[in-house]
Amino acid sequence: MPPIPSTDREPKTWASVMQPLVDSIKRRGGAPDALLERYGLSEALLADPCREIPLRHYVEAFEAAAARVGDPNFGLSAARDVTPFTLGPIGLLFISSPTLGTALKGFIDYIGLAQQATTSRIVQDGPTCVFQYRIEDARIRRRRQDADYSLAMVTTLMRAMAGNGWRPLEVHFEHSAPLNRQAHDAFFGAPLYFDQGINSLIFSAADLAIAGNVMDRRVSPIVEQYLRTLLERAMPVRSVEDEVRRILSDHLPDSGRFGVAKAARAVGLSARTLQRTLHKSGDSFAAIKQDKRRSMAETYLADTDLSVTEIAHILGYADGACFTRACRRWFGLTPSAYRKTARGLAPP
């Protein structure tokens, strides 16, 4: 499902999704009040199903909580408090679905209601499926805890239908590996890969056929109708520029070969009409593509240990030299120099 809302607005998330964060702090004997107050919240407000908060506040709160309790794996720990009802009607739709495949489709179709400016999708590749997750707001760069929590949450939802013994085949994270991977190994029970292009759960395509038996399936169409109504009310009119940005996100690392003709087909326009539409808004396909590459380069250089060559490949450049020239144009620095500056290891 495309991220919502339009990129020129502050992306929001349901305040209620912060409840596992609060529960995790309490489980450690701490008090979450000060952290919540920093963002104008209270536990009473988290119970309001209509309350929304900026997505960046939610992600920042996870990072701040991890620092406060001194646990670099706080997001993973918080996932222990997740139940299908953490996501309200979206979780209810998940566990009332007839199969795991339809449950995941419903999750992807409607998760944008709970968390905007986020990519969630499934790609099937022969005998395997890949569930992908990534926050698309370039202003949110420190998001390790959210990535851990989100993949763990989806794993928990899948285990609610497939059984507690269900394991993915592989788990990929955008961020670098923690010093101690024991908590990740214990939770996922699968090979872990860090410094990847996107957060992913890889699992057998045969798992899509696993039958749901958690809740009466007659609940599913009722809940979906409710969610569809909410989505129709919330969905803004997206601009062509927003659609092109979303499409480019979906096609990395192939975007180096993803040109205006393919983008035009994806949005249902001719190449000429797409170029003319973008020109009227003072934009161009090439400029949008470069802007997307730049924002992703900032994230990968600052927050991962991927090599320059690896980042160049993810962003669709032919080699590290091409990527280096782009960085000099964007930042006035080589990729290595920008990485040091962004991490506070060199003067700006």
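The values are calculated or read from the model by the stated rules, or taken from the named source; none is laboratory data. As the structure is a prediction and not an experimental result, all values here were calculated from the model. Backbone-built Cβ (ideal geometry, glycine too); neighbour counts: all protein chains shown. Please note that ligands, DNA and RNA were not included when accessible areas were found on the heavy atoms of the full protein model with its side chains. Shrake-Rupley method; radii C 1.70, N 1.55, O 1.52, S 1.80 Å.
Specify the residue that is modelled with the lowest pLDDT; the eligible residues are those in region 74-88 that are part of a loop (DSSP other than H, G, I, E, B) and not hydrophobic (A, V, I, L, M, F, W, C).
The residue in question is T83.
Just to check your reading of the model, which residue among P49, P20 is open to solvent by 60 Å² or more (accessible area, probe 1.4 Å), out of contact with any strand residue (DSSP E or B) (no Cβ under 6 Å at 6 or more places or on another chain) and either in contact (Cβ under 8 Å) with a residue 24 or more places away in the chain or not in a helix (DSSP H, G or I) (or both)?
Going through P49, P20 in turn, just one is open to solvent by 60 Å² or more (accessible area, probe 1.4 Å), out of contact with any strand residue (DSSP E or B) (no Cβ under 6 Å at 6 or more places or on another chain) and either in contact (Cβ under 8 Å) with a residue 24 or more places away in the chain or not in a helix (DSSP H, G or I) (or both): P49.
In region 23-46, what residues are of a type in the set (A, V, I, L, M) and open to solvent by 40 Å² or more (accessible area, probe 1.4 Å)?
If the condition is that a residue be of a type in the set (A, V, I, L, M) and open to solvent by 40 Å² or more (accessible area, probe 1.4 Å), then A31, A34, A44, L45 are the ones that fit.
The rows are residues; the columns are (1) of a type outside the set (K, R); (2) within 18 Å of R329 (Cβ to Cβ).
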{"position": "H279", "(1), (2)": "yes, no"}
{"position": "K289", "(1), (2)": "no, yes"}
{"position": "R293", "(1), (2)": "no, yes"}
{"position": "L301", "(1), (2)": "yes, yes"}
{"position": "E310", "(1), (2)": "yes, no"}
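Tell me the residue from I111, I122, I140 that is in contact with a Cys (Cβ under 7 Å, 6 or more places away or on another chain) and under 28 Å from L230 (Cβ atoms), please.
I122
What helices (runs of 4 or more DSSP H) completely inside region 256-348 contain at least 3 residues that are among the acidic types (D, E) and surrounded by 15 or more Cβ atoms within 10 Å (Cβ to Cβ)?
Output list reads 285-303.
Check every one of the helices (runs of 4 or more DSSP H) wholly within region 89-206 and list those with 3 or more residues that are open to solvent by less than 10 Å² (accessible area, probe 1.4 Å).
89-95, 100-114, 144-162
Among the residues of region 207-237, how many are at pLDDT 90 or above and part of a loop (DSSP other than H, G, I, E, B)?
Result for region 207-237: 1.
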